[in-house]
Amino acid sequence: MERPLTQHIPDNGAALHLREYEAVGGYSALRKALRDMEPAQVSTLIKDANLKGRGGAGFATGVKWSFVPMDVPGPKYLIANADEMEPGTFKDRWLLEGNPHQLLEGMVLAAYAIQATDAFVFLRWAYKDAAREMRRAIADAYTAGYLGKNILGSTFSLEMQLHTGVGRYMCGEETALLNSLEGKRATPRAKPPFPQVSGLFGKPTIVNNVETLSWISHIVNNGEAWFKSLSYTADGGTKIYGVSGRVNKPGAWELPMGITMRELLEEHAGGMRNGYRFRGALPGGASTDFLTDAHLDVKMDFAGVAAAGSRLGTGTMVVLDDHTCPVGFVHNLEHFFAQESCGFCTPCREGLPWTEKILWSLENGTGEPADLELLERHARLLGPGNTFCALAPGAMEPLQSALKYFREDFEQHIKEKKCPYAHHQH
């Protein structure tokens, strides 16, 4: 099984430094592109490979790049979104800490494709080890001539810097990330104009996820057919999948795109711990809908998970077991989302704390039958199309699906005037 993104990451938790990265073919894709390819050819190659964004939305990367106007003067920007703030998601950290130059090479190639002049790595503040490795990698890349003026003797130049965010979930929304990077409050922007046309400081900007950008050098080196051949489904490549919860071996693995939930859980995560039964999972981090044991044979790709009524998201699964209260589980998530609302639009600012309070009252034995209707109404009114960005609709995904699949648990809280799981929680 090929694992292009992670095969060279040392097992001892160290990072692959420049000389080691070059020894396994690092920066050969950059040499090839600057020598033999026009910027448009790089874009076309990524589009033909059908690389889809690995940050959660799954938008076609090459299509996104194609929206950048190539005939405007002045700066253009490329940004790596390394602000991994989705609860339950830890895949980018592995790449940042283990193979920072793979990200850098992908960024230089992406910047070449859109003719960007400046690049930023927007990094989650808590990722101290990743920050250290990225700083070292950027400095080494400048020294070696992979960054800066006239890269590898070509006419292409690129400046790059690391920016550590202040740690808001909101910054995962690309226009809020841009506001934050400009030194403003992290609130989303109205679209259009889209960032590809008017982004950072009003200039054309592309924001891609770490895992997405880490692919670029491999696709340039090996071609689109190779990329598609790595996968079990029409969504090409491998995917870094993660599992957390009461499984025997929580962790992250690079596997062919489209493996089933069952294989991920049983073969890679080692199945449920003794004495615990699988009840459901959020397949792609906190802002995805629950899937249950009826969905274990669903293929974990963008189309497969969507057809099952959820989203692949980041591909990092959070498992719910039969000793954990689904109401408490969702309450904990809604508490997080309520805290992380930027407050810019009313449904999210007011609706999320209200949702959280209702769930708190259910957990604490003061819930009433009408509360379930209220929660369902929130799930509808905070859903897609009613808010300024995707934060509140994402927050509603675990809630609406918990009401669907674990309704008897909600009802039991109201009937018994307490959380029936209380004795398991500790």
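The values are calculated or read from the model by the stated rules, or taken from the named source; none is laboratory data. What you are looking at is a predicted structure, and each value in this text was computed from that prediction instead of being measured. Note that each Cβ is placed from the backbone with ideal geometry, even for glycine, and that neighbours are counted across all protein chains shown. Surface accessibility is based on the protein's heavy atoms, side chains included, excluding ligands, DNA and RNA. Shrake-Rupley method; radii C 1.70, N 1.55, O 1.52, S 1.80 Å.
When only residues in the range 331-375 that are closer than 25 Å to Glu173 by Cα and among the charged types (D, E, K, R) count, which is surrounded by the most Cβ atoms within 10 Å (Cβ to Cβ)? That would be Glu334. Put simply, of Thr212, Thr316 the only residue that is outside the structural domain of Arg124 (by TED's automatic domain parsing) and in contact with a helix residue (DSSP H, G or I) (Cβ under 9 Å, 6 or more places away or on another chain) is Thr316.
Taking the criterion of being among the polar types (S, T, N, Q) and either open to solvent by 50 Å² or more (accessible area, probe 1.4 Å) or in contact with a Pro (Cβ under 8 Å, 6 or more places away or on another chain) (or both), the only residue of the range 51-73 that qualifies is Ser66.
Matching residues to (1) in contact (Cβ under 8 Å) with a residue 40 or more places away in the chain; (2) touching a His at 6+ places or on another chain (Cβ under 9 Å):
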{"residue": "Arg277", "(1), (2)": "yes, yes"}
{"residue": "Ser287", "(1), (2)": "yes, no"}
{"residue": "Ala303", "(1), (2)": "yes, no"}
{"residue": "Ala307", "(1), (2)": "no, no"}
{"residue": "Gly313", "(1), (2)": "yes, no"}
{"residue": "Thr316", "(1), (2)": "yes, no"}
{"residue": "Asp321", "(1), (2)": "yes, no"}
{"residue": "Phe329", "(1), (2)": "yes, no"}
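For Ala111, the conditions (1) in contact with a helix residue (DSSP H, G or I) (Cβ under 7 Å, 6 or more places away or on another chain); (2) assigned to a helix (DSSP H, G or I) are fulfilled apart from (1). For the range 321-369, the tally of residues that are farther than 19 Å from Leu391 by Cβ, part of a helix (DSSP H, G or I) and charged (D, E, K, R) stands at 1.
Table: residues versus (1) more than 19 Å from the chain's Cα centre (by Cα); (2) closer than 15 Å to Leu162 by Cα.
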{"residue": "Phe67", "(1), (2)": "yes, no"}
{"residue": "Pro87", "(1), (2)": "no, no"}
{"residue": "Leu96", "(1), (2)": "no, yes"}
{"residue": "Val121", "(1), (2)": "no, yes"}
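Of all residues in the range 132-147, those that are open to solvent by less than 50 Å² (accessible area, probe 1.4 Å) have Cβ atoms under 9 Å from Cβ atoms of residues that are among the aromatic types (Phe, Trp, Tyr), 6 or more apart or on another chain, in Met134/Tyr127; Ala137/Tyr21; Asp140/Tyr146; Ala141/Tyr27; Ala144/Tyr27; Tyr146/Tyr27. Do we find a residue being of a type in the set (Phe, Trp, Tyr), modelled with pLDDT under 95 and surrounded by fewer than 22 Cβ atoms within 10 Å (Cβ to Cβ) anywhere in the range 381-389? Looking through the range 381-389, at least one residue is of a type in the set (Phe, Trp, Tyr), modelled with pLDDT under 95 and surrounded by fewer than 22 Cβ atoms within 10 Å (Cβ to Cβ). Scanning the range 399-411 for residues that are touching a residue at least 60 places away in the same chain (Cβ under 8 Å) and more than 28 Å from the chain's Cα centre (by Cα) turns up at least one hit. Residue check: is Glu254 in the same structural domain as Gly315 (by TED's automatic domain parsing) and open to solvent by less than 20 Å² (accessible area, probe 1.4 Å)? Spelling it out, Glu254 is indeed in the same structural domain as Gly315 (by TED's automatic domain parsing) and open to solvent by less than 20 Å² (accessible area, probe 1.4 Å).
Tell me which residues, restricted to the range 266-306, are of a type in the set (Ser, Thr, Tyr) and either open to solvent by less than 20 Å² (accessible area, probe 1.4 Å) or part of a strand (DSSP E or B) (or both).
Answer for the range 266-306, where residues must be of a type in the set (Ser, Thr, Tyr) and either open to solvent by less than 20 Å² (accessible area, probe 1.4 Å) or part of a strand (DSSP E or B) (or both): Ser287, Thr288, Thr292.
Asn81 passes every criterion in (1) touching a helix residue (DSSP H, G or I) at 6+ places or on another chain (Cβ under 8 Å); (2) surrounded by fewer than 18 Cβ atoms within 10 Å (Cβ to Cβ); (3) of a type outside the set (A, V, I, L, M) apart from (2). Collect the residues in the range 154-200 that are in a helix (DSSP H, G or I), open to solvent by 20 Å² or more (accessible area, probe 1.4 Å) and not hydroxyl-bearing (Ser, Thr, Tyr), keeping them in residue-number order. Within the range 154-200, Gly172, Glu174, Leu181 meet the criteria.
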